[in-house]
Each structure stands twice: as C-alpha cells, then as structure tokens.
Amino acid sequence: MLILECPCCGVKSEETEFHAGGEAHLKRFGPGSTDAEFEGYLFMRENKRGVHFERWRHVNGCGKWFLAARDTNTLEFFGFYPAQTHEPPQDIKDKISAKHPGWSWREFQ
Amino acid sequence: MKRYSVFAVAREALRYHTGWERAWRSPEPKKKYDVIIVGAGGHGLATAYYLGKNFGITNVAILEKGWLGGGNTGRNTTIIRSNYLQDPSAAIYEKARSLYETMSQDLNYNVMFSPRGVMMLAQTQHEIRGYQRTAHANSLQGVKTEFITPQRVKELVPIINIDGPRYPVLGALWQARGGTARHDAVAWGYARACSDMGMDVIQKCEVTAIRTEGGKVKGVDTNRGSIDCDKLGGIVAGNTSVLTEMAGFRVPIESVALQALVSEPIKPCMDVVVMANTVHGYMSQSDKGEMVIGGGTDGFNNYTQRGSFHHIEETVRALNETFPIISRLKMLRQWGGIVDVTGDRSPILSKTPVEGMFINAGWGTGGFKAIPGSGWAMAELMAKGHSPLTEEFSMWRFGEGKFIDESVAAGVAH
C-alpha cells in the first residue's frame, strides 16, 4: 500500500484517497507534428524498471492533480511536486541521485 | 526421454520409484544457437516447442532469469477461453484453446485440461448488449458460445445469487468448451518436450545486453557469458520494456501488477468458471477444492510482483454479493504478477526495428489461455517471417491506427 502526500493541500494518506494518472511530463504533439511524434505522444511510454515520474490526482481530497517520483522496483516515493512544472525540482532529483547514481528518465538525469 | 504411462507408473512402483529421470536437462549454454528465446514461461517454451515440431529448428536455447514458469505462467488463475469480439483475437485464442484439448497427449504430460465451461456474467444492460454482440461475432468466427438466461446460470451454478440487489445477474456469455488447466504443468510439459528435441532450457540465466551489428541481432550477453544467435525472440511479459530498451527501441507497453488469491479448500461446489467483469472478479474451484479468485490491476506502473490490498478487498467484497457462500471462507494465499498492458489491450507478436529480433508481448491480463496458439503463431513468424495469425498483431499497428480493440469488448478481466 502506497502512502502519498498531496503537495497542494498537504494531506498525507494511503493510496485509496488518490488516483493514478499515468506518466508525467508528456509533451503534447498535435497538428503539424510527424506521425512518429504523434504515436509516441499517444502510446509510447517509458515504463522504466526503477525511477519513474507519474501523475496522481487527490480524488477524495482537494481534487488537484500533482506529480510524483517513485521507484517502480521498490515502490518507494522520492517526492511530490505540483503539476505546473516541466521538470522535477532539484531537491527530488538529488534525492534520487543519492539512491540511484547515474539514473536517467527521458531528458532528465 | 522415457514416456510417462500407466505402465511406467506400475514399473516404478515395483522398484521403489528409483527409475524416474529428470524431466529436462540443465545444460551449460553453448557459444551459439540458431535461435535464442528470452523467457522460459509458457509462451517462450511453446514458441520453442513449435519451432522444433513444426519447422525442425532444434538448435534453440531458452534463457530464463529465474526459474521455469516462475513468472506469470505460475501466477495466473488458469482460465482458458476464446470468446473474443475481434476476428484476429478469436483466431489466435481459439487456435490456443483447440491445442489445449490435445496438449496432454501431444506432450505426453498431464496438463489437466478441464473443459468445464466458462461463464461471463452480464450484470448491467450494457454488458447484455456487449455479450450478445460477442456471441454473434463468435458464431461468425466459428467459436461456439451462446448467450444464456439467468435461470440457466442458476442451473449451472447453484451457489450463485442472481437477484442482486447491487449486481443482479441478467444473463451470461457461455463457452462450454472453455475451462482450466494446470498452469505449472503446461510449462513443465513444454520444457520436457523441448529438452527431448535437443533444445537447451537454461535457468538462472539473465540477459543483460543485446548485441547488434548494422541493425541486425548478433547475440546476447548474460550473467553466464555471451551467446551468439541468428534469431532472437523476446518473450518476457512484464519485462518487455526493459528488454527492448537493451535493443534500442520502445514499445507501447506499460507494466502493472495483477493479483489473485485462493481460499482454504472446501468440498466441490462449483464446476464451471465464472467471470464477473463489472465487479472485476472471477472465480473457479481448483481440483484441491480451493476457490481461485482473480482481481483487477493497479493503476500505476509496478515491477514488484506485489499489488495493492484494496483491490483484493474490492474484488472479494463484490464477489460476496454474487456468491454469499464465500463470505465465511478464509483466504489462504494472495500473490501478484507483472502484466504488460498495451494501448488496445491486445498482444504484440511482431518483427522489430532490429533485424532478426522478434517480440511476443503485451498479453496483459490474459496470457495463459493463449500459450499454445501464441507459441504456434510466434514459431511460424520466426521461422518463415510471416504468419496469418500474427499479421494484425504488429507493433506498428498503433501508429497506423489499426487497433484490435478488446478493451471495450472484453472489459478488464481478460
């Protein structure tokens, strides 16, 4: 059972209060993009064994979307941060680096 | 290989069972094989078996990082059915189901296939329409299914409560020749047959890298040395993304945990398989008497083979209403497996951007029932470069928009 902390309202609770929303930091490709870009945006996912960034929603709470960094191999959370960002905050990246030196996830490392 | 038979049992009984031999050899890996299959689960072993049996390719190694059948092959709820909506799915699943019928004889290994009948309950108006549509599609595909009334459901499953109130049974899609089989025996039987054909089943051998040269596969590096090959089959279910990353391409797959549980053994009370897709639960009774219950998947990516408890809770809570008899059963064991789910909930049996490398993946929550058909089709694809059964299941269908959309047709339970 996962324990999450909503960065919007500060409530800490187990996962039934939240809803998983898939991969984070997807870059949208719309009209004018190539077929490969559009396919990647719709279907291709990182699906890493290890460090992963994902979206969650505090459905039974404040209702806000937020982002989280998690290890899919151990289910450990590295941190939670607001959805209005294009990159994980440095302190979360540092925390991951301490555990997984040399990690990378898409363009982040 | 010594054949198993009633005479063998009698002979061994007379000499204190000293004459049984190991079912398969445990050889050291050779330097080179014609074909390497990564993953000795049901699908990988079946692929190797049909490569040998149908195409005479026996210089094959099947590499397994853990132990044989220790992944999803030994973690499913053993349900076999082929009542799918889309034609390509029905073709490959029905091929598989028909091969299960004679598998024990073909492999000389008792896989305990029990065509006891599979019932998918319709508990909403939407499901009635969906299953009637599937029944019509099945009759066009040559798959024998029928839509039955609640009264017939009650006759077939006396322990069921069809009156609701929350989830009344409004009918069911019934496939009389569906059923169950012993999942470990399927892996063991194929491994024994492969070993007998001269193939090497190598356990505790983890692939760490895939070597390519000029866009063509050359071999793999493993924790037991590097091995060359002409063709490579990646058949690793939940770890497909990890394997394809080694080969340098991506697949439209996400890995999530799917859970199941069994109760304490009780006297025989239900001799069919019942699936209730509205409430994400399915149940059958094993030969040992345990009620085998399967649940839904988690919403988040996961490689731990552990799922969230609340899914178990939801499944059991919902099944309690439909099967009041289980409310006082103690549950004995619960476990999870990592399933590889694609965008349209249909598998990928395909060539890849790397020449000579093939993948068989994305079976998601419903791979066990497909094992022999998947192996049959994959072997043909690897040997000949194309197969009528795999044509629609290419990994490029997502970019082309040619989905085989079973997620709407089959619901969550697959």
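No lab work stands behind these numbers, since they all come straight from the coordinates. Because the structure is a prediction, the values reported are computed rather than measured. Neighbour counts run over all protein chains shown; Cβ positions are idealised from the backbone, glycine included.
With the dipole of segment B:209-327 worked out from charges on the C-beta (+1 for Lys and Arg, -1 for Asp and Glu) around the Cα centre, which of B:Thr278, B:Ala247, B:Asn302 lies farthest toward the positive end? Value: B:Ala247. Annotation: amide H of B:Arg224 within the under-5 Å range of B:Glu206, sequence separation 5 or more or interchain, hydrogens built in the peptide plane.
Highest-first packing order for the peptide set B:315-322, A:75-82, B:31-38, B:208-215 is B:31-38, B:315-322, A:75-82, B:208-215, based on the mean count of other beta carbon atoms within 10 Å. With θ taken as phi - 60° and the Karplus curve 6.51 cos²θ - 1.76 cosθ + 1.60 applied, the whole-hertz 3J(HN,Hα) list for segment B:341-358 is 9, 9, x, 10, 6, 10, x, 10, 10, 7, 5, 10, x, 8, 5, x, 10, 10 Hz, x standing for glycine and proline.
Count charges around A:His25 for me, please; just the other residues with Cβ under 10 Å from its Cβ, Lys/Arg as +1, Asp/Glu as -1.
Working: positive: A:Lys27, A:Arg55, A:Arg106; negative: A:Glu23, A:Glu46, A:Glu54, A:Glu87, A:Glu107.
The answer is -2.
Remark: relative contact order (segment A:57-102) = 25 percent; criterion is Cα-Cα distance under 8 angstrom and separation of 6 or more residues. Listed by chain and number, the lysines whose alpha-carbon sits under 25 Å from that of B:Lys330, ignoring those within fewer than 8 places in the same chain, are B:Lys154, B:Lys267, B:Lys288. Among A:Asn73, A:His100, A:His58, whose Cα projects farthest towards the positive end of the dipole of segment A:57-102, with charges put on the beta-carbon of Lys, Arg (+1) and Asp, Glu (-1)? It is A:His58. Here's the picture: charge each Lys and Arg Cβ at +1 and each Asp and Glu Cβ at -1 in chain B, and of B:Ile371, B:Gln86, B:Leu140 the one pushed furthest to the positive end of that dipole is B:Ile371.
Size estimate for chain B follows the Kirkwood approach: the inverse of mean 1/r over distinct Cα pairs works out to 21.9 Å. Across peptide B:251-257, the average count of Cβ atoms from other chains found within 10 Å of a residue's Cβ is 4.
Highest-first packing order for the peptide set A:34-40, B:357-363 is B:357-363, A:34-40, based on the mean count of other beta carbon atoms within 10 Å. Amide H contacts of B:Gly233 (H built 1.01 Å from N, in plane; Pro and chain starts excluded): B:Ile36, B:Ile37, B:Val38, B:Phe358 sit under 5 Å, all sequence-distant by 5 or more or on other chains. Of B:Ile80, B:Ile338, the sequence from fewest to most neighbouring Cβ atoms within 10 angstrom is B:Ile338, B:Ile80. Highest-first packing order for the peptide set B:13-24, B:389-400 is B:389-400, B:13-24, based on the mean count of other beta carbon atoms within 10 Å.
Structural descriptor for chain B: relative contact order 23 percent, calculated from alpha carbon pairs under 8 angstrom and at least 6 residues apart.
Under 5 Å between amide hydrogens, built in the peptide plane, is the criterion, and for B:Tyr282 it picks out B:Ala276, B:Gly294 among residues at least 5 positions away or on other chains. Checking the Cα-Cα distances for B:Lys30/B:Lys204; B:Lys2/B:Lys204; B:Lys53/B:Lys231; B:Lys218/B:Lys369 against a 23 Å cut-off, the pairs over it are B:Lys2/B:Lys204; B:Lys218/B:Lys369. For A:Lys12, the lysines whose Cα comes closer than 18 Å to its Cα, not counting residues fewer than 8 places off in the same chain, are A:Lys64. Per-residue shielding of A:13-23, expressed as the average number of other chain Cβ atoms within 10 Å of the residue Cβ, stands at 3. Applying the Karplus relation 6.51 cos²θ - 1.76 cosθ + 1.60 with θ = phi - 60° to segment A:10-23 yields 3J(HN,Hα) values of x, 6, 10, 7, 7, 5, 5, 7, 10, 9, 6, x, x, 5 Hz, where x marks Gly and Pro. For segment A:57-102, the dipole from Cβ point charges (+1 on Lys and Arg, -1 on Asp and Glu) about the Cα centre works out to 140 debye, to the nearest 20. Along segment B:360-376 the Karplus relation, 6.51 cos²θ - 1.76 cosθ + 1.60 evaluated at θ = phi - 60°, assigns HN-Hα couplings of 10, 8, x, 6, x, 8, x, x, 4, 4, 9, 3, x, x, 5, x, 4 Hz to successive residues, with x for each Gly and Pro.
Neighbours of A:Tyr41 by Cβ distance under 9 Å: Lys/Arg scored +1, Asp/Glu scored -1, total 0. In the protein assembly as shown, the DSSP-assigned H stretches of four residues or longer account for a calculated mean residue ellipticity at 222 nm of -8000 deg cm²/dmol, using -39500 (n - 2.57) per stretch and the full residue count as denominator. Looking only at other chains, what is the average number of their beta-carbon atoms within 10 angstrom of each beta-carbon in B:293-301? Mean number of neighbouring Cβ atoms from other chains: 4. The ranking of B:Thr102, B:Thr47, B:Thr365 from fewest to most other beta carbons within 10 Å of each one's beta carbon is B:Thr102, B:Thr365, B:Thr47.
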